[in-house]
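One structure is given here, and the rest of the page talks about it.
Every number in this text was worked out from the coordinates using simple rules, so none of it is lab data. Quick caveat, the model's predicted, so the values are computed rather than measured. Cβ placement follows ideal geometry from the backbone for every residue including glycine, while neighbour counts extend to all protein chains displayed.
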Amino acid sequence: MTALVVLTIASLAARAQDFAASADEAQEKASRDRQRASETAQRDRERAREQSERDREQAQRDRERWDRAIEAFEAVASMGGRRADAGLYWKAYAQRKAGRPADALATLGQLRKTAPQSKYLKEADNLELEIRQASGRPSVPERGADEDLQLIALNALMTSNADQAVPMLEKFLGSGASPKLRNRALFVLTQSGSPRGRTVVEDIARGKSHPDLQRTAVKYLGLFGGDESRQVLS
């Protein structure tokens with residue numbers, strides 16, 4: 001065997017050893033990485049469980065505080081006198097915070113019935129609107145409610161289920177609300193994406209109903225109605 005062959009074999013053997021060593025190192029590194037990843041994931045799970053437990057404990061403490069507040073405001077309301085309406089409003093507020101929306105709505109109804117001139121009625125309307133929106137039950141305040149509150153309610157209907165919102169908006173268009181509010185209701189109908197809502201707006205644009213809103217309906221269809229609705233204007 002020549003010296004060149006011997007050197008070649010030795011070189012190949014050394015390379016093979018280096019390759020094997022590199023492979024071993026890579027395998028060890030991958031194993032260490034997997035171990036670290038597993039340990040990190042385990043720590044993350046433990047932290048998440050601990051945070052979840054802390055959140056549950058905090059929620060329980062909050063409920064207990066609001067339950068005590070409900071009892072205190074109930075006592076104020078039961079005493080009658082000039083602070084009874086305040087007691088009812090804040091009782092409803094505490095009930096909502098305690099996760100009892102149905103009870104809160106019932107208390108607000110009691111406030112309106114027993115104190116029809118209360119200075120808390122506007123706040124009560126706002127609170128009821130918040131509760132209904134949070135529970136997925138949109139509504140439009142009755143005629144005579146604060147106009148700003150009605151605008152808030154109309155805007156909220158834009159993100160509501162069209163099957164619920166469109167009949168409410170149709171009814172509202174026929175109410176004695178101000179032109180500003182009725183125009184807003186028409187805008188929300190145009191944006192609803194509902195076939196029924198589009199038909200209502202198109203009928204108004206054709207002059208079939210609510211003639212005082214016809215020009216506004218034509219404008220909204222031109223801006224937002226899409227190709228199908230724009231054919232109404234041609």
Filtered hits (lysines, Cα-Cα < 19 Å from LYS219, offset >= 8 within chain) -> LYS180, LYS208
Report, ordered by chain and residue number, the lysines lying within cross-link reach of LYS91, taken as a straight Cα distance under 22 Å and ignoring same-chain residues fewer than 8 apart. LYS113, LYS119, LYS122
Pairs of Cα atoms under 8 Å, at least six residues apart: use those to get the relative contact order of region 61-136, whole percent. 26 percent
I'd like to compare 87-96, 184-193, 112-121: which one has the highest average count of other Cβ atoms within 10 Å, and what's the full order after that? 87-96, 184-193, 112-121
